[in-house]
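Reading through the structure tokens given below for one structure.
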Amino acid sequence: MKLFYTEKSQYARIVRVAIIELNLADRVELQKVTLRDSTSELLNYNPTGKVPTLATDDGFILSEARIIVTYLNRLNPEIKIVADDADVFSQQLEGITTAFIDGLGTWLRELILRTESERSQKIIEFERSRALRILDYFEKISEKLDQTPKLAHITLASTLALEVRLPDFQWRQNYPQVAQWYDEFSGRPSLQATKLEP
């Protein structure tokens, strides 16, 4: 199998963490690619040109982090990363953390891909407000967050790590319980091996 990724993709990071946690590192080849590049090898596999993309051994091309992690989890079902149908709380967290990471991604794209005059302050403010609401939620339920490497936890940690790339996303001071959880969880070898670069 081959995973196409970029080091700056928070979505690809989720999959890279899952590969390590599922003990599949020796079965998945990692290949860095360039994005928004008409000559990228990725386009030979996935016409969307998005990462993460997984080329499976049986000829399938999978994209989107949850779809890929679900597939990988079936290869090592002894470790439960993706919530099953009976685990509604974990499914709830997966939904909220996915919205969290999507929102911060939108905020980040406004800053990275647009000039200052092109940026939408309305979008930035909307995503900032959404992020704070979600952080309020996680601070309130922080006692329910454990250190188990589930998809929701991996996604939450990958989102919080965007503080290194998004200077206005300074959350630690107002969310001490979330910060305590994050600092412990991000010490896992899988998180350390896949740190996001600024």
Q. If you scan the stretch 165-182, which residues turn out to be of a type outside the set (S, T, N, Q), surrounded by 12 or more Cβ atoms within 10 Å (Cβ to Cβ) and not in a loop (DSSP other than H, G, I, E, B)?
A. VAL178, ALA179, TRP181, TYR182
Q.
Checking the structure you have, find out if any residue of the stretch 127-134 is on the phi < 0 side of the Ramachandran plot, touching a residue at least 60 places away in the same chain (Cβ under 8 Å) and of a type in the set (S, T, N, Q).
A. no
(Q) For the stretch 18-29, check the following and say yes or no: at least one residue is loosely packed, with under 14 Cβ neighbours inside 10 Å, touching a strand residue (DSSP E or B) at 6+ places or on another chain (Cβ under 9 Å) and modelled with pLDDT of 95 or more. (A) yes
Q. List, please: which pairs have Cβ atoms under 9 Å, are six or more places apart or on different chains, and start with a residue in the stretch 1-24 that is in a loop (DSSP other than H, G, I, E, B) and end with one that is hydroxyl-bearing (Ser, Thr, Tyr) and at pLDDT 95 or above?
A. MET1/THR56; GLU7/THR194
Q: Please find, within the stretch 52-65, the residue that is surrounded by the most Cβ atoms within 10 Å (Cβ to Cβ) out of those that are farther than 14 Å from GLU29 by Cα and touching a helix residue (DSSP H, G or I) at 6+ places or on another chain (Cβ under 7 Å).
A: ALA65
(Q) Condition first: surrounded by fewer than 17 Cβ atoms within 10 Å (Cβ to Cβ), in a helix (DSSP H, G or I) and without any contact (Cβ under 8 Å) to a residue 40 or more places away in the chain. Now tell me which residues in the stretch 79-106 satisfy that. (A) VAL88, GLN91, GLN92, GLY95, ALA99, ASP102, THR106
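The values are calculated or read from the model by the stated rules, or taken from the named source; none is laboratory data. Every value quoted in this text rests on a predicted model; they were computed, and no experiment measured them. Because the Cβ atoms are built from the backbone with ideal geometry, glycine has one as well, and the counts that use them run over all protein chains shown.
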